[in-house]
Amino acid sequence: DRSSSAAHPPANATLTNHAEPRRLTGGPREVWSRPTKTPAAPIIPPPHHHCNGLLASRQRRPQISLSPPCAAVVERSKKMAASNLEGVLLGMGNPLLDISAVVDEAFLAKYDVKPNNAILAEDKHLPMYDELSSKENVEYIAGGATQNSIRVAQWMLQTPGATSYMGCIGKDKYGEEMKSAAKAAGVTAHYYEDEAAPTGTCAVCVVGGERSLIANLSAANCYKSEHLKKPENWALG
C-alpha cells in the first residue's frame with residue numbers, strides 16, 4: 001500500500017538524520033530520514049547575575065575592572081554631586097532667635113522659671129532676653145523647629161546654597177542677629193521683615209547642664225503670603 005509505505009519506512013530501509021521523516025529516492029535501496037531534536041536555546045543569565053563573569057569569559061569578552069576609582073574620578077564625582085544639590089531643600093516655618101547663655105539659680109528664680117522646662121513667654125519674662133544678651137557668654141542661634149532642621153541638613157550636605165529658608169522676623173537688632181546666624185550656618189535665608197512686631201526669640205537658660213526654654217513667638221506668627229509670591233522667593237521652591 002503506497003499510503004502506508006509513505007508514512008512508515010520498511011524494516012530494511014536505511015535511516016539518516018533529518019529535520020522531518022521522509023523517503024529519499026534515487027538509489028536501489030529506500031533511504032529514510034530520522035527526525036532529530038532541535039537543540040535547546042542557550043540560557044543567558046539576567047543582568048547583574050553572578051554568572052555574568054563566567055559567561056563573559058566564555059565569550060572572550062574583556063573583563064570589567066572592579067578596582068576602586070582613582071582620586072581624580074572621586075573628586076570629579078563630588079563636584080558633580082555638589083552642583084546638583086544647590087537649592088535642593090526649602091523650609092518654611094516660625095523662626096526664633098535662640099539667645100543662649102549660662103545662668104545661675106538666682107536668674108531662674110528672678111523670672112519664675114523652672115529648671116529643665118519649656119514654656120511660652122509671659123509679660124514677666126520679656127526683660128529676660130535683653131539681660132541674657134548682655135552676658136559675656138551669650139550665643140545667638142538661628143532657631144525654630146523648621147530652621148533648626150534646615151541648618152542640620154545644610155551641615156550634612158556640605159554644599160554652599162543647598163538649603164533655603166523663609167519665615168518672618170522683625171526689623172530690629174535681633175532680626176539682624178538672625179540673618180547673621182543663618183548666613184554663618186550656610187543657609188540661604190529670605191526673611192519677611194515685619195515692621196510692627198519684634199523678632200521672635202527663645203531664651204535658652206543653661207544651668208548645670210540643663211536647659212530652660214522660654215519662647216516669645218512675636219513676629220514668627222506674622223508671615224504674609226505676598227512675600228512668597230515675589231519672583232526671587234518663588235524661585236527657591
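Summary of values
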{"read-out": "Residue ID - farthest from GLY143 (Cα to Cα), chosen from residues in the range 155-187 that are modelled with pLDDT of 95 or more and among the β-branched types (Val, Ile, Thr)", "value": "THR163"}
{"read-out": "Residues of the range 98-116 classified as polar (S, T, N, Q) and either within 26 Å of SER180 (Cβ to Cβ) or part of a helix (DSSP H, G or I) (or both), total", "value": "1"}
{"read-out": "Test for VAL187: is it aliphatic (A, V, I, L, M) and in contact with a Gly (Cβ under 9 Å, 6 or more places away or on another chain)", "value": "yes"}
{"read-out": "Residues (more than 28 Å from the chain's Cα centre (by Cα), among the hydroxyl-bearing types (Ser, Thr, Tyr) and in a strand (DSSP E or B)) located in the range 179-221", "value": "THR201, SER212"}
{"read-out": "Criterion (assigned to a strand (DSSP E or B), within 36 Å of the chain's Cα centre (by Cα) and farther than 20 Å from ILE169 by Cα) met by exactly one of ILE119, ILE141", "value": "ILE119"}
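The values are calculated or read from the model by the stated rules, or taken from the named source; none is laboratory data. From a predicted model like this one, the values you see are computed outputs, not experimental measurements. Neighbour counts run over all protein chains shown; Cβ positions are idealised from the backbone, glycine included.
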